[in-house]
1. Across region 1-34, which residue is farthest from the chain's Cα centre (by Cα) among those that are part of a helix (DSSP H, G or I) and of a type in the set (Gly, Ala, Ser)?
2. Out of the residues in region 286-301 meeting the condition of being among the small types (Gly, Ala, Ser) and assigned to a helix (DSSP H, G or I), tell me which one is nearest to the chain's Cα centre (by Cα).
3. Considering only region 338-361, state which residues are within 22 Å of Lys6 (Cα to Cα) and either in contact with an Asp or Glu (Cβ under 9 Å, 6 or more places away or on another chain) or in a helix (DSSP H, G or I) (or both).
4. Considering only region 16-34, I want to know if a residue exists there that is touching a His at 6+ places or on another chain (Cβ under 8 Å), assigned by TED's automatic domain parsing to the domain that holds Ala87, surrounded by 15 or more Cβ atoms within 10 Å (Cβ to Cβ) and of a type in the set (Asp, Glu).
5. Exactly one condition in (1) among the aromatic types (Phe, Trp, Tyr); (2) surrounded by fewer than 24 Cβ atoms within 10 Å (Cβ to Cβ); (3) more than 24 Å from Val115 (Cβ to Cβ) is not met by Phe97; state its number.
6. Scan region 98-121 for residues that are in contact with a strand residue (DSSP E or B) (Cβ under 7 Å, 6 or more places away or on another chain), not aliphatic (A, V, I, L, M) and not in a helix (DSSP H, G or I) and jot them down.
7. What are the residues in region 181-215 that are exposed (fewer than 13 other Cβ atoms within 10 Å of the Cβ), free of Cβ contacts under 8 Å to residues at least 40 places away in the same chain and farther than 20 Å from Gly148 by Cα, if any?
8. So, in region 226-239, exactly how many residues are in contact with a Leu (Cβ under 8 Å, 6 or more places away or on another chain) and part of a strand (DSSP E or B)?
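The values are calculated or read from the model by the stated rules, or taken from the named source; none is laboratory data. This is a predicted model, so every value here is computed, not measured. Cβ placement follows ideal geometry from the backbone for every residue including glycine, while neighbour counts extend to all protein chains displayed.
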Amino acid sequence: MSAPLKGIRIADFTVHNAGPFATHILSQLGAECIKIESAQRPDIFRKPHPVYGRMGPATFDQVASNKLSVRINLKHPQGADLARRLAAVSDVAAESFRPGVMRRLGLDHEALRQVKPDLVFLSICSSGQTGPDAHFSGYAPLFGAWGGLGALTGYADGPPVEMRHVMDHAVGLNAALAVVGALHRRRATGEGALVDVAAREVASSLIGEALLVAAAGGEPTRMGNDHLAMAPHGVYPAQGEDRWLSIAVRGDDQWRALVRVMGRPELAADARFATVARRLSRRAELDALVSEWTLTVAAEAAAAALQAEGVAAHVSWTSRDIADDAHLRARGAIVEVSEPDGRTRAAVGAPLKLSKGGDIGLTRGTPRLGEHEDYVFGDLLGLSAEERRSLERDGAIY
């Protein structure tokens, strides 16, 4: 059975993380995604950088896997023309530049719909394509800060927390969903669409409850790991280096179960903690008591004991725990992919399964710059070998 987006082709002009993550998700659903760069201006994330415990292009490895790669110099007139020819045989064009960049290149929605009237054109930027703030550029920390998510994240006595990759990925996921919706509409109407995704608005969409509180005159505040209705509720230090245990206690029965596992059954009768309301008012005392116990136990053993008593608890997993997890490997959420040099590496697969969706997920690793030009320029666009050499000499393919 075919993947749901098999037969859909994407001309991918996106850079950095939010836009490439959107097209990465679409590629895992079966779309053929052609990433457009140049040797003069490659995606900045191709550059090795220290992240996730290693020096390498880790972010690029994630969001570029599954994609094809071609070199096109978009600032060259013949390069821009080549990009338009690629858009003409594509279903989706995606970009994540500041508003106005694609228009100056002659590759904006209005220009590309002239060569492909039913094209779905995806634009991702900081504040959208219109409005008084449309000219602002930005990266993930700005999206979360400007959208209000950062101000609600962190401890009550600390500053707002900078939101990074999770913000980019939230933007990309929303953009991918919007593209799927536009493709569904195109199937019904035959019409293309402009999909305008503002990253800061994605952040604001995640804090709807806080916005309602503020609109009603309230003042939402940072709560750290606290919860409005549960206590204890947090992440507590356990035995070993950087091992942590997440615990969430709901109601009196779970509270009594927790103190039994802790070996402190007398706390169940302590008037200070006799009700949910009293426990909520004494969060700091509770956290100190729980931490005093968790520091003496292994996180895995404590989690198992609490789960057996009906208390929600789990080890706060590290990236290594996740990469080594047999369950995620069995479901294809962590897979092995091949690189152009023949080596294999672990990669994050599709985080979903479809009963009638065919094979989805990763099929290849990170592409070399320009690796798939024989197929794209030759088979798809019909350029002869001499035409390609001429474009390379002129700097349009570079």
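1. In the first step, residues of region 1-34 are kept if they are part of a helix (DSSP H, G or I); the result is 18-28.
Those left that are additionally of a type in the set (Gly, Ala, Ser): 18-19, 22, 27.
On the way: Ala18: 7, Gly19: 10, Ala22: 8, Ser27: 14 Å.
Here the answer is Ser27.
2. As a first pass, look at region 286-301 and keep what is among the small types (Gly, Ala, Ser): 288, 291, 298-299, 301.
Cutting the leftovers down to assigned to a helix (DSSP H, G or I) gives us 288, 291, 299, 301.
Values: Ala288: 35, Ser291: 32, Ala299: 28, Ala301: 32 Å.
The extreme case among them is Ala299.
3. Keep residues of region 338-361 that are within 22 Å of Lys6 (Cα to Cα), which gives 338, 347-361.
The one that is within 22 Å of Lys6 (Cα to Cα) and either in contact with an Asp or Glu (Cβ under 9 Å, 6 or more places away or on another chain) or in a helix (DSSP H, G or I) (or both): Ala347.
4. Taking region 16-34 first, the residues touching a His at 6+ places or on another chain (Cβ under 8 Å) are 17-18, 21, 33-34.
Now drop any that are not assigned by TED's automatic domain parsing to the domain that holds Ala87, which leaves 17-18, 21, 33-34.
Then keep just the ones that are surrounded by 15 or more Cβ atoms within 10 Å (Cβ to Cβ); that gives 17-18, 21, 33-34.
Narrowing the set further to residues that are of a type in the set (Asp, Glu) leaves none.
No; the residues of region 16-34 include none that is touching a His at 6+ places or on another chain (Cβ under 8 Å), assigned by TED's automatic domain parsing to the domain that holds Ala87, surrounded by 15 or more Cβ atoms within 10 Å (Cβ to Cβ) and of a type in the set (Asp, Glu).
5. Every condition holds for Phe97 apart from (3).
6. If the condition is that a residue be in contact with a strand residue (DSSP E or B) (Cβ under 7 Å, 6 or more places away or on another chain), not aliphatic (A, V, I, L, M) and not in a helix (DSSP H, G or I), then Arg98, Pro99, Phe121 are the ones that fit.
7. Result: His184, Arg187, Ala188, Thr189.
8. Selection size over region 226-239: 3.
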